[in-house]
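K.L.:
Just dropping this structure here.
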Amino acid sequence: MSSTSPSETEVPTSVIKNVVIAEEEYEEYIVTTTSDLTSSLRLIADSIAEQRQIASRAIIHSLPFCSSILLVISVLTICMVYWATEWIAWVFSCVAILAGALRIVEYLTTGYLDAAERISWEWMSSNRSPTVLTNKIKNKKPGWKWEDKIEEDESALKYHNIIWITKHKDLPVGTLILRICSSDCLNDKKTTTITSIRAWTVRQAYRHIGIGGSLLRRAIEECRVNGWKNPSFAKDHVHSLRILPGWFNGVFDMVEDKARGMLEREARNMNKIDKGMTQNGDC
């Protein structure tokens, strides 16, 4: 077990938030155990692997790919007619061409599987660049716990995670990782905290019912309670990987724009709620 991993203890009931979505009750809380952390990372890895399927469909449905297949089959047909080859040979040849084309698609999208395999505890604790979040603590004091504030240790690095997980009948269905980055400002001696969403995903069968929006609201609430600015999606978030040329990434760009718009909408809605509560309090 990694020295920086959370301990395997039961989650206190006081930190579990029961939310009702689509007439079903879900548990939503901050990850504090190794089992929940593993479940969260597995959800993220599965969502990255899912991107491979989307990229493969984008290639197969693209005009250049279909045109190339038709061109090869057309040339093959002309050659076989000229050589008076039997039709069964033509069928097997076409099947071989299609199989080879699918293998090429599989090869072109392998990068998403490689990225999914890198989602591990080492990824969570990596400090190889300033844009990568870390939970690695140097010279930890006795009794240090996962949930302790990272700033309490002067030797701690200035990055850490807050991870939420949503469960439905003990099945992990959604997760969100919020990156907290604190930097000391030399001019006014104050600490500036920047928050960004490093990962956000919902199990495919549970999408479009409000689980993702609920996780975004939890991240926004956390920032407001601590006096931080509203979070934004990190530039290096886990779904930012693009391994194909730009014209194949239209679906990914559309989903990313939709996610950013959803985050902004949730923040605006919470602003309206806060203003309404303030006005009622003044009355």
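K.L.:
Please indicate, with yes or no, whether at least one residue in the range 50-70 is within 26 Å of N161 (Cα to Cα) and either surrounded by fewer than 16 Cβ atoms within 10 Å (Cβ to Cβ) or among the hydroxyl-bearing types (S, T, Y) (or both).
P.N.:
Yes, the range 50-70 has at least one match.
K.L.:
Additional query: Return yes or no: is G212 over 22 Å from S56 (Cβ atoms) and touching a helix residue (DSSP H, G or I) at 6+ places or on another chain (Cβ under 8 Å)? I'd like the intermediate steps shown before the answer.
P.N.:
Numbers: over 22 Å from S56 (Cβ atoms): yes; touching a helix residue (DSSP H, G or I) at 6+ places or on another chain (Cβ under 8 Å): yes.
The answer is yes for G212.
K.L.:
Could you check the range 184-211 and list, in sequence order, the residues that are surrounded by 13 or more Cβ atoms within 10 Å (Cβ to Cβ) and either part of a loop (DSSP other than H, G, I, E, B) or at pLDDT below 80 (or both)?
P.N.:
Those that are surrounded by 13 or more Cβ atoms within 10 Å (Cβ to Cβ) and either part of a loop (DSSP other than H, G, I, E, B) or at pLDDT below 80 (or both): T193, R203, R207, I209, G210.
K.L.:
Just the residues that are of a type outside the set (S, T, Y) and free of Cβ contacts under 8 Å to residues at least 60 places away in the same chain, please, taken from the range 27-56.
P.N.:
Answer for the range 27-56, where residues must be of a type outside the set (S, T, Y) and free of Cβ contacts under 8 Å to residues at least 60 places away in the same chain: just Q53.
K.L.:
Need the failing condition index for I30 against (1) of a type outside the set (D, E, K, R); (2) at pLDDT below 70; (3) surrounded by 15 or more Cβ atoms within 10 Å (Cβ to Cβ), just the number.
P.N.:
With respect to (1) of a type outside the set (D, E, K, R); (2) at pLDDT below 70; (3) surrounded by 15 or more Cβ atoms within 10 Å (Cβ to Cβ), I30 is out only on (2).
K.L.:
Please find, among L178, L263, the residue that is at pLDDT 85 or above and in a helix (DSSP H, G or I).
P.N.:
Criteria check complete, one pass: L263.
K.L.:
Okay, moving on. Please identify the pairs in which a residue from the range 63-74 that is among the hydroxyl-bearing types (S, T, Y) has its Cβ atom under 8 Å from the Cβ atom of a residue that is at pLDDT 95 or above and loosely packed, with under 10 Cβ neighbours inside 10 Å, counting only partners at least 6 apart or on another chain.
P.N.:
none
K.L.:
Give just the number: which of (1) modelled with pLDDT under 90; (2) in a loop (DSSP other than H, G, I, E, B) does I243 not satisfy?
P.N.:
All conditions pass for I243, except number (1).
K.L.:
Might you check whether a residue that is more than 34 Å from the chain's Cα centre (by Cα) and modelled with pLDDT of 85 or more occurs anywhere in the range 96-115? Outline the logic, then answer.
P.N.:
Step one: list which residues in the range 96-115 are more than 34 Å from the chain's Cα centre (by Cα), which gives 96-97.
Filter again for modelled with pLDDT of 85 or more, leaving 96-97.
Within the range 96-115, one or more residues are more than 34 Å from the chain's Cα centre (by Cα) and modelled with pLDDT of 85 or more.
K.L.:
Do we have any residue at all in the range 18-41 that's closer than 29 Å to I162 by Cα, touching a helix residue (DSSP H, G or I) at 6+ places or on another chain (Cβ under 8 Å) and in a helix (DSSP H, G or I)?
P.N.:
Yes, because at least one residue in the range 18-41 is closer than 29 Å to I162 by Cα, touching a helix residue (DSSP H, G or I) at 6+ places or on another chain (Cβ under 8 Å) and in a helix (DSSP H, G or I).
The values are calculated or read from the model by the stated rules, or taken from the named source; none is laboratory data. This structure is a prediction, so every number in the text was calculated from the model and none was measured. In this analysis, Cβ positions are derived from the backbone assuming ideal geometry, glycine residues included, and neighbour counts consider all displayed protein chains.
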